[in-house]
Amino acid sequence: MPSQGGCHSLLFACLLGAAGLPGCALPELPPAPKPPAGLSIDRMRVANGAQLAAIGNCITCHTSDGGKPYAGGRALKTPFGTVFGSNITPHPDTGIGRWSEAAFARAMREGLDRAGRNLYPAFPYDHFTRLSDEDIGALYAFLMTREPVRAETPADTMLIPRSLIGAWKAMFLERGAFRPDPSQSAQWNRGAYLVRGAAHCSACHTPRNALGAERKREYFAGGEAEGWHAPALDARSPSPVPWTAEALYTYLRTGSADAHAVAAGPMEDVIRNLRPVADDDVRAMASYIASLDARSAEERRKAGERAVTGAKPPPAADSGGAATESDRAIARGAAVYAGACASCHDRGRQAEGGALRLPLASGLTLPTPQNLIRIIRDGIVPPAGEPGPWMPGYAGALGNAQLSDLATYLRSLTGRPAWEDVPGEVHRIARDKQ
Amino acid sequence: MITLNVNGRPHRIDADPDTPLLYVLRDHLALNGAKFGCGLGQCGACTVMADGEAIFSCIVPVAVLQNRKIRTVEGLGTIEAPGPMQRAFIEAQAAQCGYCIPGMMMRAQALLERNPSAPEAEIRAQLSPNLCRCGIHLRIVRAVGRAAALMKGAAAPAGAGGTARNSAGATGGSTSATGDNGSGAG
């Protein structure tokens, strides 16, 4: 990793209002040439591009609610302001219709638009820079064969001017294509290439620093996405039963893995978009992600056994002798669980309507209660008319206090330290939803 | 004993705290509009309202509903004076077997109280958790649109919805689709 001290001071100097300093001025690159007339598109390239776009989850950020695919307009809230997913349909005026393949490749690798303006790293070019020329060309071919849609991308409200993003790149953008590790299998390398490149998994699953860059030393140690915690995928994974490549494959394919989790929040989109992706690629990603957990297979197997034998059915509610407020909250939460949750969650996974065995669900073992609260409130609901894992939401049925008690109770089943300020988190999430 | 406020009236209920609301409505209060479908919150036949929001009464224990205003299809009107939602379903003939209809009406009612001008896309999205095995969704969606119009037209006059009479207990549950609308107050 390059030394970052000097760059930090450079950026801070700029942020402190010294943006006029000559040292901070970034040269504007000339516009990329216009695409040649009669662009020739190879169908195999388009098909490969479709797979990569699905793996990259591109449609999620580049499509607004109810909008045309890839026509942009989705608001992406960042700690630094809001930026909108851009129109990447081939519309000549509002999309990328006038972009050459070279301009597209430069955007993917360097984070510059056709006119040479910096793109905010909400567009994860720090990952896309790993893509091969061939795959960038395939994505270009795929996008340029979508339906052109006239849709202006709304202006961003970022607090940091684009000109300063050059300094951000100097500090955090490590350019260069993916380099395979010859000591690993072809499957592992394929998975690593996809996970670190197109899929940009660590964009959510790695914590970010104050300047919004991934903390490289905490790669896959767990991060944030749209109000959801994105769990650690390495040995710090909160799943009581350690993930295996097989379980990860099932999860990525179906959105649900027994003894682990059902996909919710932003991960639901990821799973849905992965549907058309070839099995081999999903397996490769699962195999690479499983390898992030450095514990030995034996260690992981034993941890899994301990978790399963230790996962007792939830104790009956016992409010007698509950001394502290926390004990009382747990007792009240147990009563809510018995009435509202047990009919599915204590039913056994194989039964019709049988839900996850909760003490093993990673939602209970995360460092924060936000995912659990959101799932209890809003349920897990596929888009209207689509099949998928289903849990009814309880926002209308449970008041904030009951929700908080329930989350406190469920956490108590894990044997991990209680979450701090569950009622506060419940209130914050309820307020966000209004 | 648990006190439940149903359709504007308090009821003292002698039931286990984890008894689902649906059982209490049907077995203790003889309000048979809400139906048992799946018992897992997956079909919507049991939908009622709590403080204006649609809930699956089959998976919500009564203990969590004390001091909340519960409203069932019987609270939308009576056979003699059906509320706008019920009238709309009758006028649109939006029922085949009728089993899902009370749940549909309650979820739609919750939507229209929140957004009286809900466009069709929102009506469809709101009703998507409620299943109709007869496949009469087109009429249901039309009925909800009609209910919205009726509610706007009848915003002021009495007799429209409100926490109406919830008088006699249900007699024999549902007989026909339209009769189902008011069966609880029959």
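The values are calculated or read from the model by the stated rules, or taken from the named source; none is laboratory data. Being a predicted model, the structure only gives us computed values, none of them experimental. A quick note on method: Cβ atoms are made from the backbone with ideal geometry, for glycine too, and the neighbour counts reach across all protein chains shown.
Counted as qualifying within region A:216-302 are no helices (runs of 4 or more DSSP H), as none has 2 or more residues that are polar (S, T, N, Q) and closer than 20 Å to A:PRO367 by Cα.
For region B:64-87, indicate whether the set of residues that are part of a helix (DSSP H, G or I) and within 14 Å of another protein chain (Cβ to nearest Cβ) is non-empty. Taking every residue of region B:64-87 in turn, at least one turns out to be part of a helix (DSSP H, G or I) and within 14 Å of another protein chain (Cβ to nearest Cβ). Residues that are outside any loop (DSSP other than H, G, I, E, B), more than 11 Å from every other protein chain (Cβ to nearest Cβ) and among the basic types (Lys, Arg) within region B:119-140 comprise just one, B:ARG139. What are the residues in region B:12-50 that are at pLDDT below 95 and among the aromatic types (Phe, Trp, Tyr), if any? None - no residue of region B:12-50 is at pLDDT below 95 and among the aromatic types (Phe, Trp, Tyr), so the list stays empty. Among the residues of region A:133-153, are any at pLDDT 95 or above, among the small types (Gly, Ala, Ser), in a loop (DSSP other than H, G, I, E, B) and closer than 18 Å to A:SER86 by Cα? Within region A:133-153 (the criterion being at pLDDT 95 or above, among the small types (Gly, Ala, Ser), in a loop (DSSP other than H, G, I, E, B) and closer than 18 Å to A:SER86 by Cα), the answer is yes, since at least one residue qualifies. Scanning region B:4-22 for residues that are within 14 Å of chain A (Cβ to nearest Cβ) and without any contact (Cβ under 8 Å) to a residue 12 or more places away in the chain gives a single hit, B:ASP16.
Any residue at all in region B:19-29 that's surrounded by fewer than 22 Cβ atoms within 10 Å (Cβ to Cβ) and in contact with a Leu (Cβ under 6 Å, 6 or more places away or on another chain)? The answer is no; no qualifying residue exists. Every condition in (1) more than 13 Å from every other protein chain (Cβ to nearest Cβ); (2) of a type in the set (A, V, I, L, M); (3) within 29 Å of B:ILE90 (Cβ to Cβ) is met by B:VAL48 except one, and the failing one is (1). How about region B:55-96: which of its residues are closer than 23 Å to A:ALA384 by Cβ and surrounded by fewer than 23 Cβ atoms within 10 Å (Cβ to Cβ)? Result: B:ALA92, B:GLN96. What residue, among those in region B:30-45 that are farther than 11 Å from B:SER57 by Cβ and surrounded by fewer than 22 Cβ atoms within 10 Å (Cβ to Cβ), is farthest from the other protein chains (Cβ to nearest Cβ)? In this case the residue turns out to be B:ALA30. When A:GLY223, A:GLY191, A:GLY255 are screened for being buried (at least 17 other Cβ atoms within 10 Å of the Cβ) and at pLDDT below 95, only A:GLY255 passes.
For A:THR78, state whether it is within 22 Å of the chain's Cα centre (by Cα), under 24 Å from A:GLU174 (Cα atoms), modelled with pLDDT under 95 and not assigned by TED's automatic domain parsing to the domain that holds A:TYR249. Don't jump to the end; show me each part of the working.
Values: within 22 Å of the chain's Cα centre (by Cα): yes; under 24 Å from A:GLU174 (Cα atoms): yes; modelled with pLDDT under 95: yes; not assigned by TED's automatic domain parsing to the domain that holds A:TYR249: yes.
The answer is yes for A:THR78.
Do the conditions hold for A:THR206, that is, is it under 20 Å from the mean Cα position of the chain (by Cα) and not assigned by TED's automatic domain parsing to the domain that holds A:ALA50? Judged against the criteria, A:THR206 is a match.
Residues are listed down the side, and each one gets a yes or a no for (1) in contact (Cβ under 8 Å) with a residue 40 or more places away in the chain; (2) under 25 Å from B:ILE55 (Cβ atoms); (3) surrounded by 22 or more Cβ atoms within 10 Å (Cβ to Cβ):
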site: A:ALA395; (1), (2), (3): no, yes, no
site: A:GLY399; (1), (2), (3): no, yes, no
site: A:LEU406; (1), (2), (3): yes, yes, yes
site: A:GLY415; (1), (2), (3): yes, no, no
site: A:GLU420; (1), (2), (3): no, no, no
site: A:ARG428; (1), (2), (3): no, yes, no
